[in-house]
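*Asks:* Dropping a structure here in C-alpha coordinates format, bear with me for questions.
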Amino acid sequence: MSEHPCKLYLSAPEGQPIDVLSLMLKDALAANNVAAVLYSNNDKASHEHASTLMQCALDHEAAFIVADDISFAREIGADGVHISGDIETYKKARKELGEDRIIGLTTPVNRHDSMCFGEIGTNYILFDPDIPNSNSSSEPQSLASLINWWSELFEVPCVARACVDVNKNR
(Lines give C-alpha, C1' and ligand atoms only; values in the text may rest on other atoms or scores of the structure.)
Protein backbone atom coordinates (compact mmCIF):
# COMPACT_ATOMS: atom_id res chain seq x y z
CA MET A 1 0.00 0.00 0.00
CA SER A 2 1.13 3.56 -0.65
CA GLU A 3 3.14 5.17 2.13
CA HIS A 4 2.13 8.66 1.05
CA PRO A 5 -0.65 10.28 3.05
CA CYS A 6 -3.84 11.35 1.34
CA LYS A 7 -4.12 15.03 0.58
CA LEU A 8 -6.87 17.18 -0.85
CA TYR A 9 -6.95 18.45 -4.42
CA LEU A 10 -9.22 21.49 -4.41
CA SER A 11 -11.11 22.70 -7.45
CA ALA A 12 -11.78 26.43 -7.33
CA PRO A 13 -15.44 27.14 -8.10
CA GLU A 14 -16.11 29.23 -11.19
CA GLY A 15 -18.01 32.49 -11.34
CA GLN A 16 -17.10 33.78 -7.87
CA PRO A 17 -15.83 37.34 -7.34
CA ILE A 18 -12.09 37.38 -6.60
CA ASP A 19 -12.50 38.60 -3.02
CA VAL A 20 -15.01 35.84 -2.20
CA LEU A 21 -12.97 33.15 -3.93
CA SER A 22 -9.74 34.27 -2.25
CA LEU A 23 -11.38 34.10 1.18
CA MET A 24 -12.87 30.66 0.46
CA LEU A 25 -9.53 29.39 -0.78
CA LYS A 26 -7.60 30.78 2.19
CA ASP A 27 -10.05 29.14 4.59
CA ALA A 28 -9.85 25.79 2.81
CA LEU A 29 -6.06 25.87 2.57
CA ALA A 30 -5.61 26.82 6.22
CA ALA A 31 -7.91 24.11 7.52
CA ASN A 32 -6.79 21.13 5.46
CA ASN A 33 -3.87 19.15 4.10
CA VAL A 34 -4.03 20.39 0.48
CA ALA A 35 -1.67 19.20 -2.25
CA ALA A 36 -3.01 21.29 -5.13
CA VAL A 37 -5.58 23.80 -6.28
CA LEU A 38 -7.18 23.35 -9.71
CA TYR A 39 -8.10 26.64 -11.36
CA SER A 40 -10.41 26.81 -14.36
CA ASN A 41 -10.03 29.84 -16.57
CA ASN A 42 -13.45 29.39 -18.19
CA ASP A 43 -14.39 32.91 -17.16
CA LYS A 44 -11.27 34.18 -18.98
CA ALA A 45 -10.19 35.96 -15.84
CA SER A 46 -7.31 38.34 -15.81
CA HIS A 47 -3.78 37.29 -15.08
CA GLU A 48 -4.07 39.36 -11.90
CA HIS A 49 -7.10 37.34 -10.73
CA ALA A 50 -5.33 34.04 -11.33
CA SER A 51 -2.09 35.33 -9.82
CA THR A 52 -3.91 36.33 -6.62
CA LEU A 53 -5.28 32.81 -6.21
CA MET A 54 -1.97 31.25 -7.22
CA GLN A 55 -0.13 33.21 -4.53
CA CYS A 56 -2.70 32.09 -1.98
CA ALA A 57 -2.04 28.44 -2.93
CA LEU A 58 1.72 28.90 -2.87
CA ASP A 59 1.57 30.59 0.54
CA HIS A 60 0.09 27.32 1.84
CA GLU A 61 2.58 25.12 -0.07
CA ALA A 62 -0.07 23.85 -2.48
CA ALA A 63 0.56 23.54 -6.20
CA PHE A 64 -1.48 25.79 -8.49
CA ILE A 65 -2.75 23.85 -11.51
CA VAL A 66 -4.62 25.39 -14.46
CA ALA A 67 -7.36 23.30 -16.08
CA ASP A 68 -7.11 22.67 -19.83
CA ASP A 69 -5.28 25.85 -20.81
CA ILE A 70 -1.62 25.15 -21.50
CA SER A 71 -0.83 28.68 -22.73
CA PHE A 72 -2.45 30.37 -19.73
CA ALA A 73 -0.61 28.05 -17.32
CA ARG A 74 2.69 28.98 -18.95
CA GLU A 75 1.88 32.72 -19.06
CA ILE A 76 1.06 33.03 -15.35
CA GLY A 77 3.82 30.69 -14.21
CA ALA A 78 1.47 28.07 -12.76
CA ASP A 79 2.96 24.91 -11.29
CA GLY A 80 1.27 22.93 -14.02
CA VAL A 81 -1.76 22.09 -16.10
CA HIS A 82 -4.49 19.50 -15.87
CA ILE A 83 -5.54 17.97 -19.17
CA SER A 84 -9.02 16.56 -19.70
CA GLY A 85 -7.94 15.41 -23.12
CA ASP A 86 -5.94 12.59 -24.53
CA ILE A 87 -2.36 11.43 -24.88
CA GLU A 88 -1.66 13.78 -27.80
CA THR A 89 -2.76 16.78 -25.73
CA TYR A 90 -0.51 15.54 -22.94
CA LYS A 91 2.45 15.41 -25.35
CA LYS A 92 1.72 18.97 -26.50
CA ALA A 93 1.56 20.18 -22.90
CA ARG A 94 4.82 18.44 -21.99
CA LYS A 95 6.55 19.98 -25.01
CA GLU A 96 5.29 23.48 -24.18
CA LEU A 97 5.76 23.36 -20.40
CA GLY A 98 8.85 21.19 -20.12
CA GLU A 99 9.72 18.49 -17.64
CA ASP A 100 9.68 20.69 -14.53
CA ARG A 101 5.95 21.47 -14.63
CA ILE A 102 3.17 19.25 -13.32
CA ILE A 103 0.87 17.68 -15.89
CA GLY A 104 -2.13 15.65 -14.81
CA LEU A 105 -4.63 13.74 -16.91
CA THR A 106 -8.27 12.81 -16.38
CA THR A 107 -9.12 9.16 -16.95
CA PRO A 108 -12.39 7.23 -16.84
CA VAL A 109 -12.85 4.83 -13.96
CA ASN A 110 -11.26 1.74 -15.52
CA ARG A 111 -7.93 -0.01 -15.24
CA HIS A 112 -6.94 -0.04 -18.90
CA ASP A 113 -7.22 3.70 -19.58
CA SER A 114 -5.62 4.61 -16.26
CA MET A 115 -2.61 2.36 -16.94
CA CYS A 116 -2.17 3.84 -20.44
CA PHE A 117 -2.21 7.36 -19.03
CA GLY A 118 0.02 6.46 -16.12
CA GLU A 119 2.69 4.98 -18.40
CA ILE A 120 3.25 8.08 -20.55
CA GLY A 121 4.92 10.15 -17.84
CA THR A 122 2.04 12.12 -16.40
CA ASN A 123 2.63 13.43 -12.88
CA TYR A 124 -0.78 12.25 -11.67
CA ILE A 125 -4.03 10.88 -12.98
CA LEU A 126 -7.50 11.95 -11.95
CA PHE A 127 -10.22 9.31 -11.85
CA ASP A 128 -13.50 10.88 -12.91
CA PRO A 129 -16.63 8.77 -12.47
CA ASP A 130 -18.56 11.19 -14.72
CA ILE A 131 -16.51 10.29 -17.82
CA PRO A 132 -17.99 7.43 -19.83
CA ASN A 133 -15.89 4.28 -19.78
CA SER A 134 -14.09 4.21 -23.15
CA ASN A 135 -12.94 0.63 -22.75
CA SER A 136 -15.98 -1.48 -23.57
CA SER A 137 -14.18 -4.70 -22.63
CA SER A 138 -13.55 -3.65 -19.05
CA GLU A 139 -15.94 -4.23 -16.23
CA PRO A 140 -17.33 -1.15 -14.51
CA GLN A 141 -15.55 -0.55 -11.24
CA SER A 142 -16.26 1.42 -8.16
CA LEU A 143 -14.09 4.45 -7.68
CA ALA A 144 -12.94 3.20 -4.28
CA SER A 145 -11.82 -0.19 -5.60
CA LEU A 146 -9.96 1.42 -8.49
CA ILE A 147 -8.11 3.81 -6.16
CA ASN A 148 -7.18 0.96 -3.86
CA TRP A 149 -5.89 -1.12 -6.80
CA TRP A 150 -3.97 1.85 -8.23
CA SER A 151 -2.32 2.83 -4.96
CA GLU A 152 -1.20 -0.76 -4.34
CA LEU A 153 0.52 -1.11 -7.74
CA PHE A 154 1.62 2.27 -9.08
CA GLU A 155 3.86 5.13 -7.98
CA VAL A 156 2.09 7.77 -10.08
CA PRO A 157 -0.23 9.61 -7.68
CA CYS A 158 -3.95 9.54 -8.30
CA VAL A 159 -6.76 11.95 -7.57
CA ALA A 160 -10.32 10.80 -7.01
CA ARG A 161 -12.89 13.32 -8.14
CA ALA A 162 -15.70 13.90 -5.68
CA CYS A 163 -17.65 17.12 -5.88
CA VAL A 164 -18.54 19.00 -2.74
CA ASP A 165 -20.63 22.15 -2.86
CA VAL A 166 -18.69 24.63 -0.72
CA ASN A 167 -21.76 26.79 -0.22
CA LYS A 168 -23.54 23.89 1.49
CA ASN A 169 -20.54 23.22 3.73
CA ARG A 170 -19.64 26.70 4.96
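The rows are residues; the columns are (1) open to solvent by 50 Å² or more (accessible area, probe 1.4 Å); (2) within 30 Å of GLU119 (Cα to Cα); (3) of a type in the set (Lys, Arg).
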site	(1), (2), (3)
ASN33	yes, yes, no
THR52	yes, no, no
ILE65	no, yes, no
ALA78	no, yes, no
GLU96	yes, yes, no
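*Asks:* Which of the residues belonging to the stretch 20-31 are open to solvent by 80 Å² or more (accessible area, probe 1.4 Å) and in contact with a helix residue (DSSP H, G or I) (Cβ under 9 Å, 6 or more places away or on another chain)?
*Replies:* Once the filter is applied, which keeps residues that are open to solvent by 80 Å² or more (accessible area, probe 1.4 Å) and in contact with a helix residue (DSSP H, G or I) (Cβ under 9 Å, 6 or more places away or on another chain), the stretch 20-31 yields only LYS26.
*Asks:* Search the stretch 82-102 for residues that are closer than 20 Å to ALA35 by Cβ and pair each with any residue that is in a helix (DSSP H, G or I) and among the small types (Gly, Ala, Ser) when their beta-carbon atoms are under 7 Å apart and the residues are at least 6 apart or on different chains.
*Replies:* Listed by first residue and then by second, the contacts come to ILE83/ALA93; LEU97/ALA73.
*Asks:* Same structure again: Taking the stretch 116-133 on its own, how many of its residues are at pLDDT 75 or above, loosely packed, with under 15 Cβ neighbours inside 10 Å and outside any helix (DSSP H, G or I)?
*Replies:* 2
*Asks:* Of everything in the stretch 136-170 that's part of a loop (DSSP other than H, G, I, E, B) and modelled with pLDDT of 70 or more, which residue is least open to solvent (accessible area, probe 1.4 Å)?
*Replies:* Among those residues, the one meeting the criterion is VAL156.
*Asks:* Quick one: ILE102 ticks every box in (1) among the β-branched types (Val, Ile, Thr); (2) crowded, with 16+ Cβ neighbours inside 10 Å; (3) at pLDDT below 80 except a single one, so which number is it?
*Replies:* (3)
The values are calculated or read from the model by the stated rules, or taken from the named source; none is laboratory data. All of these numbers come straight from a predicted model, not from anything done at the bench. So basically every Cβ, Gly included, is an ideal-geometry build from the backbone, and we count neighbours across all protein chains shown. These accessible areas exclude ligands, DNA and RNA; they are computed on the full protein's heavy atoms, side chains included. Shrake-Rupley method; radii C 1.70, N 1.55, O 1.52, S 1.80 Å.
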